[in-house]
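Below: one structure, written as structure tokens.
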Amino acid sequence: MSFDDLIDRHGTFCSKWDMMEPIYGVPAQDGLAMWVADMDFRAPDHVLAKLREMTDHGVLGYVNYDKPYTDAIRWWMRNRHDWDVAPEAIFTTTGLVNGVGMCLDTFTQPGDGIVLFTPVYHAFAKVIRNAGRQVVECQMVNTDGRYEMDFAAYDAQMTGNERMVILCSPHNPGGRVWTREELRAVADFAKRHDLLLLSDEIHHDLVYPGHTHIPMPNAAPDIVDRLLMLTAPSKTFNIAGLHTGQVIIPDPELRGRFAKRMAALSLAPNSTGQMATLTAYSPEGAEWVDGLLAYLDENRRLFDSAIAAIPGLRSMPLEATYLAWVDFSGTGMDRAEFTERVEQQAKIAVNHGTSFGTGGESFLRFNLGTQRARIEEAIDRLNQAFGDLQ
């Protein structure tokens, strides 16, 4: 496929494009939607063909895809990430935010502290609070435009009420690919404070040249007795609307508890999501992802170069994901002013940094998972909106 093909998503009940005006005040007719973390590309042709085959058959009754589905997941993890997954370790949830909620529900109690390394994906804090748990923010250190963790400070923050730590790996919104040593340090932190470690690795396929994602069980095998892994094909293949993700639990005791809770709620995957997953996780899917990464890498290069040319703006170097994290602190503007320039002058809908927790106040997040023409248009608009700084 050509990733350059413009696709009009207006009027399709699309959250990203149809909701930017009511939420951000960015006009639908000429605004650019660069907020919700899905891409503007069609899913791979072979996935769409398989879904058409299902609907053309016409009978959408009960099915059992469990074996080919788990086989495909295991094949993908082994071939793309050098990670061996036992079939009995794989559970399917209605997307990964639901997976987080299920893990909180199964393994923690109301009032428990849940540790987040902030700024981080905004849905974590939302689901934690909705579950009646307490968000414990451990702010990361921004070292010359790159996030690092300060475990001496985090150790001092712990009160003993904490039950779980959630890691975003690769990191959203900062785009970090954590090193083996950093992952090892997170595992040691979890062990020191007797925390379950929930590792959200949804962006693990979207890693740029020069960087390698390491699954947590490979980085710290001794942590598997307290490890909960989250993976999904949704970001990789742009099928998030099918709400299909995996909670992978290596430890048999934790696995048994989770299975019991899933059974009590009678939760089971939908056939469309399973079929899309098992079709995507294939050699054809791998070839598509390689092409996607090359395209996103050029989007990243163009956008970062343009941001660097505007005085006072700085984009964190993206090692993974298609989500640019832009710091406006160098402009001397307050949050209201730089946000107004982006949303009302440039007419670009973006995620506000404050929603990602402490440390995000001077940032906005831009979604680069779109056609090159839209990236170039966004660059032109930002140059005009901040033209007085040139």
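The values are calculated or read from the model by the stated rules, or taken from the named source; none is laboratory data. Values in this document were obtained by computation on a predicted structure and should not be read as measured data. Glycine gets a Cβ as well: all are built from the backbone with ideal geometry, and neighbour counts include every protein chain shown. Areas reflect the complete protein model, heavy atoms only, side chains present, ligands, DNA and RNA absent. Shrake-Rupley method; radii C 1.70, N 1.55, O 1.52, S 1.80 Å.
Remarks
- Contact annotation: no residue pair with Cβ atoms under 8 Å, 6 or more positions apart or on different chains, pairs a residue in segment 86-102 that is outside the structural domain of ASN130 (by the TED database) with a partner that is in a helix (DSSP H, G or I) and open to solvent by 20 Å² or more (accessible area, probe 1.4 Å).
- Test result for PHE356, over 16 Å from the mean Cα position of the chain (by Cα), surrounded by 23 or more Cβ atoms within 10 Å (Cβ to Cβ) and touching a residue at least 24 places away in the same chain (Cβ under 8 Å): no
- Filter result for GLY312 (surrounded by fewer than 21 Cβ atoms within 10 Å (Cβ to Cβ) and on the phi > 0 side of the Ramachandran plot): yes
- Counting the residues of segment 1-48 that are of a type in the set (Phe, Trp, Tyr) and open to solvent by 50 Å² or more (accessible area, probe 1.4 Å) gives 1.
- A single member of ALA72, ALA123 is part of a helix (DSSP H, G or I), surrounded by fewer than 20 Cβ atoms within 10 Å (Cβ to Cβ) and either touching a Cys at 6+ places or on another chain (Cβ under 6 Å) or not assigned by the TED database to the domain that holds HIS352 (or both), and it is ALA123.
- Qualifying residue in segment 319-341 (condition: assigned to a helix (DSSP H, G or I), among the aliphatic types (A, V, I, L, M) and open to solvent by 10 Å² or more (accessible area, probe 1.4 Å)): yes
- Of the residues making up segment 362-373, one or more are assigned to a helix (DSSP H, G or I) and not charged (D, E, K, R).
- Checking ALA264, ALA294, ALA259, ALA240 one by one, the residue that is at pLDDT 95 or above, open to solvent by 20 Å² or more (accessible area, probe 1.4 Å), in contact with a strand residue (DSSP E or B) (Cβ under 8 Å, 6 or more places away or on another chain) and at negative phi is ALA259 and no other.
- So THR272, is it of a type in the set (Val, Ile, Thr), surrounded by fewer than 21 Cβ atoms within 10 Å (Cβ to Cβ) and assigned to a helix (DSSP H, G or I): yes
- Search result, residues across segment 77-102 that are over 20 Å from ASN270 (Cα atoms) and either in a helix (DSSP H, G or I) or open to solvent by 60 Å² or more (accessible area, probe 1.4 Å) (or both): MET77, ARG78, ASN79, ARG80, HIS81, ASP82, ASP84
- Selection count where residues are closer than 24 Å to LEU183 by Cα and of a type in the set (S, T, N, Q), scope segment 99-133: 2
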